Structures are given as C-alpha cells and as structure tokens.
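**Q** Here you go, one structure.
The values are calculated or read from the model by the stated rules, or taken from the named source; none is laboratory data. Being a predicted model, the structure only gives us computed values, none of them experimental. Here the Cβ positions follow ideal geometry from the backbone for every residue, glycine too, while neighbour counts run over all protein chains shown.
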Amino acid sequence: MTYAVNPAVSRIEAPPIIEAQSWVRPGLRNRKLLNLCQAVPSWKCAEALDAEVARLAHEPGIGLYTDIYGIPELRSAIAEHFSADYRGKVAAENVCVTAGCNQAFAAAIMAIAKAGDNVIVPVPYFFNHTMWLGMLSVEARHVAGIGQPDAAEVATLIDEKTRAIVLCSPNNPTGSIYSPETIKALFDLARARGIALVIDETYKDFRDGDAPAHPIFSIDGWEDAFIHLYSFSKVFAMTGYRVGAITASTRVLAEIEKIMDCMAICTSHISQRAALFALTKLDDWKRAKIGMMHGRLTSLRNAFRREGLNYELVSSGALFAYVKHPFADETAKQVAMRLAGEHDMLCLPGSMFGPAQEQYLRIAFANAEASDMETLVDRLMESQTRG
C-alpha cells in the first residue's frame, strides 16, 4: 500500500496554465505562436534594477532572513505609496511583505476563515483564489461579476459562516475595473455585517488616470473591514522575484505573521531590496510601461471592430480581455484547444474561471505587442470557418 494524499488538495484540478501549454502542437507551426494564456510582461526588468540587484548580491547579510513582516524600509515605502495613490492614510505597521500576491491571498484567507466557512467571490474569478479556498475547505459562494458586482445581491449570500467578500480589480480574467462606488458599497456592506472585504489589486497600476481606485484607505477605521493585496510582479516585470504585500489591521497581521513564519519565514531579502528600489527609483520607467500597455489595449479594442468578426469583446482592461466565442456547439475548452492546435493562438477557456463561462475565452495580452492585435483577430477569423 502507498500513503494517501490530502483529498482537499487532490480534488483540486491541476494549474490551468500548465494544461493549456500542452495544447500547442510542437513542430507543426510555420508562423509565430501568439501566447496569450498568461499575464507575463513582454518587457524585462529595468536595466537600473538589474544593476542594483547585481550590487546587492555582494552586500553582507543579503542572504539572511529579514523580519517576517519584511524590511522596515520597504514596508514604509509601500505605506507611503498607498497613502499617495489612494489619497488615504496607511501606516507601515499595517503592511506585511509577502512572496508574491498569491501568498498574500493564501495567508490572508487562512487568517480569517476555517474549514466550513464561506467567502463570496464574483464569477468569473481568478482560479488560484478558488483553488486555495478549496484546499482549505472554505466554500466559495458565487455572485455575477463580469460587470460590477451588485452589493444587494452579495448581501443575500451572507450568513453566519461568511467571512469575506473577495474582489480582484482590475479583474483577472475579465479586465473589468470595479468603480470606486462599487468597492465602497461592498466595503460598507462588509463592515456592517462584521466580515472582511479582501481586494486583490495586483493590476491597479494599469487602470486609467490617476484618480484613486477607491476611497477605502481614506475612511477612518478602514482596518476594521478591509484587507488589501498587491504585487510588484507585473508593473515592474518582477514575476520571478516574488514580492507582494498585505495591508490590513495589526490584529489580523499578527495572525498572518504566524502563517508567514510557517510558509516561508520571510520574502527573499534581495527581492525585497529590489522591490524597494523599483518603488522609489523607477516611477518614470513604470509610467512608460503603463503607457505602452494602454496603447496595446487600444490596439486590441480597435482590432475587435473588424467587420465579419463573430467573437465579441465583452470586457477589457489592464492586461486582460474577456471574449465571447460564437460556437454554441463547442465548450470553451474545445474552442481554446482548437485555437491552440490549429490556429497558433494560446488562450484560456472561460470554464477555468468558474461556472456558466462556457461561451467565453480569456486573452492575456501583456505578452503581445500592439502590432500583434490585428494578427490575433486574423487567427480568430480563421477559426470561424471549421473544416
């Protein structure tokens, strides 16, 4: 006999990105593969960041642990950044540095929910969020969310075992940007019902304009009902450095500290120093990349206006587009597999992002140039005629 594995983990499907990459037929292509299945920046780190990391590698102590919460300088810099970006009040004591935003989500949810509890999640959702909830045996209660989640509808799902409302804005997979009014309404609901509003704002830097994404950090006592998650991965092209942050009450961070100590003890010291450099020295570089992505988004929206295209651009923003495919007799996965195998275009089926998503595909276009958007639509047009 062999040993058993945890059924709460084994019942979770394998990571979708790995499965999707297996759909590409190697050696059969005579043209460029459009890899649109993962939100990986096509640009590399700033040269100044590379040079700083090389310098840091020779510093005494750089290979040692840091405080579990992270180095004080980075915590302070994150607090100052959020205070300015949201025109609110965030203190360094409310910030915990994590090994990416996925770890931030995992630690935050583990700190507030136990097996048998539930959280409310708009559909479509980010699959890593619900994978983790499933592993903890925490129920995900679904609310419609391609547009703006409705606070009144969310309220009907809250019961004595509800611990949080989970948002991702700008949204992965749809690209939708939740309005300040929507986020405020859900925060008010969460505070009134004694639960948390947990918001993943990994892609916040790619929203339009400089107006605050929401007013929550300017509200006195925001800590009572708000947990904020962030990542340095995308806007600074630091995916492999694994640096994110949780901003929450000191009461919740005290519980998260225990979890972090068991997960990783602390985020890599050199990665934290790299993130500090990026946040304090690379604002102009960051803004140039954001502008570039806004240009790609405009090119994508323009390309989808092609006459005769039967795919509908339902939602788009930040690094994502959510597209309705025209094939009523095929599942989303069948369409995505056909696009990969026959049309050299790799994207993810909507079915990987929740129930009732069979008519949709997610396109992650951070890895595509503006000039690729017309090619993307060419491939979709090809697929409309099936042999």
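**Q** Given the conditions (1) surrounded by fewer than 17 Cβ atoms within 10 Å (Cβ to Cβ); (2) on the phi < 0 side of the Ramachandran plot, and given that Ala107 satisfies all but one, which numbered condition is not satisfied?
**A** Of the numbered conditions (1) surrounded by fewer than 17 Cβ atoms within 10 Å (Cβ to Cβ); (2) on the phi < 0 side of the Ramachandran plot, the odd one out for Ala107 is (1).
**Q** So which of His142, His58, His81 is more than 25 Å from Ala264 (Cβ to Cβ) and in the same structural domain as Gly194 (by TED's automatic domain parsing)?
**A** His142
**Q** Give me the helices (runs of 4 or more DSSP H) completely within region 1-104, filtered to those with at least 1 residues that are modelled with pLDDT under 90 and either within 23 Å of the chain's Cα centre (by Cα) or of a type in the set (Ser, Thr, Tyr) (or both), ordered by residue number. Spell out the reasoning first.
**A** Values: elements: 7-10, 16-21, 47-56, 72-85.
It comes to 16-21.
**Q** Restricting attention to region 114-134, does a residue exist that is over 21 Å from Tyr178 (Cβ atoms), of a type outside the set (D, E, K, R) and crowded, with 22+ Cβ neighbours inside 10 Å?
**A** no
**Q** Name the single residue, out of those in region 214-271 being among the basic types (Lys, Arg) and in contact (Cβ under 8 Å) with a residue 60 or more places away in the chain, that is surrounded by the most Cβ atoms within 10 Å (Cβ to Cβ). If you could, list the steps in order and put the result at the bottom.
**A** Let us first name the residues in region 214-271 that are among the basic types (Lys, Arg), namely 234, 242, 251, 258.
Those left that are additionally in contact (Cβ under 8 Å) with a residue 60 or more places away in the chain: 234, 242.
Values: Lys234: 22, Arg242: 20.
Out of the qualifying residues, it is Lys234.
**Q** Out of everything in region 324-350 that is touching a residue at least 40 places away in the same chain (Cβ under 8 Å) and under 18 Å from the mean Cα position of the chain (by Cα), what residue ends up being surrounded by the fewest Cβ atoms within 10 Å (Cβ to Cβ)?
**A** Filtering first and then ranking leaves Leu348.
**Q** Report yes if Pro26 is within 30 Å of Leu300 (Cα to Cα) and loosely packed, with under 10 Cβ neighbours inside 10 Å, otherwise no. Give the derivation first.
**A** Details: within 30 Å of Leu300 (Cα to Cα): yes; loosely packed, with under 10 Cβ neighbours inside 10 Å: yes.
Yes.
**Q** Another question, then. Consider only pairs whose beta carbons are under 9 Å apart and that are at least six residues apart or on different chains; among these, list those whose first residue lies in region 46-65 and is among the hydroxyl-bearing types (Ser, Thr, Tyr) and whose second residue is surrounded by 10 or more Cβ atoms within 10 Å (Cβ to Cβ).
**A** Tyr65/Ile265; Tyr65/Cys266; Tyr65/His269
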